[in-house]
Amino acid sequence: MVFITLRFLATGCFLQSVGDISGVDKSTTSRVITKVTRAIASLSKDFIKMPMGVEDSKAQGFYNICRFPRCIGAVDCTHVKIQSPGGANAENYRYRKGFFSFNVQAICDSDLKISNIVCRWPGSTHDSMIFRNSRVKAEFENGVYGNNLLLGDSGYGVKPYLITPLANPTTRAENLFNEAQIRTRNPIERCFGVLKRRFPILATGIRLNVDKVEAIVVSAAVLHNIACHFADPTPLVTDEIEAEINIGNNIGEHVPNDLGGINNSVRYSLINGYFESL
């Protein structure tokens with residue numbers, strides 16, 4: 001059963017093709033994949049975890065990239081293709097690039113391990129909406145992670161705990177900040193690429209009912225973290241799959257983030273109190 005599921009995740013083949021190789025019919029293959037992915041996904045609480053308390057190693061890993069302080073995660077979204085779900089709500093799943101998808105939010109560390117994942121939003125949903133409604137946002141606002149920070153792109157509004165780049169940097173300190181912010185959040189883009197190269201089904205498209213998609217995506221994230229832990233090399237993929245990976249990349253919609261007040265105070269304290277002195 002595990003072999004069937006791993007082959008499905010790693011090749012993106014049709015159920016019939018996976019079943020033929022394993023000597024089982026299409027309906028049995030579907031049941032096996034559903035059962036195994038749900039079992040693997042149930043392990044996410046053990047393998048996909050935000051750093052709790054003061055975990056200096058996470059912040060140090062990001063600091064080592066470009067000296068950005070207090071960062072414990074980079075956040076972004078990526079699109080996972082699905083078949084049309086049909087019904088009255090089908091268009092909610094249509095991404096602006098024309099295909100149906102889930103918009104999947106993830107946070108990763110500097111080693112590309114996924115520390116938080118949300119896979120329940122249809123493809124038309126903006127990244128910022130997903131974050132606003134996420135548990136991890138509430139945890140940051142409730143002080144669970146102390147004064148540690150997330151880094152995101154301009155598709156997110158700046159918060160005291162979510163630091164985004166400046167739209168128009170002018171001073172030396174502002175330019176240093178932007179360069180460090182962009183380079184330090186790069187692991188999340190690399191993470192999505194590695195995840196989809198390991199499990200091309202996430203790039204080529206999941207041809208199962210939408211109620212099975214979340215378990216498939218989360219199980220792939222669990223296996224990805226295990227592979228990262230054991231330093232498993234990223235497999236090579238065909239040019240066609242590489243193109244599909246790039247299509248699923250998400251460029252966040254612009255959110256005005258140069259606002260004053262408390263939301264911007266931490267960002268400017270970093271610029272004026274830290275990057276100014278570098």
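Read the figures in this text as sums done on the coordinates, not as results from a lab. Nothing here was measured: the structure is a model prediction, and the numbers come from that model. As a convention, Cβ positions derive from the backbone with ideal geometry for all residues, glycine included, and neighbour counts pool all protein chains shown.
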Rounded to one decimal in nm, the spacing of the 7 Å Cα→Cβ label points at N142 and I247 is 4.0 nm
Length-normalised contact order of the chain, Cα under 8 Å, at least 6 apart, in percent, tallies to 25 percent
Expressed in nanometres to one decimal, the distance between label points 7 Å along Cα→Cβ at A10 and K212 is 2.0 nm
Longest principal axis of the chain (C-alpha) makes with the long axis of helix 172-198 (C-alpha) an angle, in degrees to the nearest 10, of 10 degrees
Among A138, M1, G73, the residue whose Cα sits farthest towards the positive end of the charge dipole of the chain, when +1 is placed on the Cβ of each Lys and Arg and -1 on the Cβ of each Asp and Glu, is M1
Checked region 28-103 against the a/c 1.5 cut and the a/b vs b/c comparison, axes a ≥ b ≥ c from its Cα gyration tensor; verdict oblate
Between the Cα axis of helix 56-66 and the main Cα principal axis of the chain, the angle (0 to 90°, nearest 10) is 80 degrees
Taking every DSSP bridge whose two residues both lie in region 34-190, the antiparallel percent to the nearest 5 is 75 percent
Note on the chain, DSSP bridge orientation, antiparallel percent to nearest 5 equals 75 percent
Other residues with Cβ under 11 Å from the Cβ of F275 give, with Lys and Arg +1 and Asp and Glu -1, a net charge of 0
CD proxy, 222 nm, the chain: helix-only mean residue ellipticity via -39,500 (n - 2.57) per DSSP H run with n ≥ 4, per residue, nearest 500, stands at -14000 deg cm²/dmol
As straight-line cross-link partners of K159, the qualifying lysines (C-alpha separation under 26 Å, not fewer than 8 residues apart within one chain) are K49, K58, K113, K137
Per 5 angstrom bin, beginning at 0 and ending with the bin that holds the maximum distance, the Cα pairs of the chain fall in percents of 1, 6, 12, 16, 18, 16, 12, 9, 5, 3, 1, 1, 0, 0
Quick P(r) readout (region 119-230; Cα-Cα; 10 Å bins; whole %) gives 11, 32, 38, 16, 3, 0
Tilt, helix 213-229 to longest principal axis of the chain (alpha-carbon atoms), in degrees rounded to tens, equals 70 degrees
Quick calc, region 112-259, dipole around Cα centre from Cβ unit charges on Lys, Arg (+) and Asp, Glu (-), nearest 20 debye, gives 360 debye
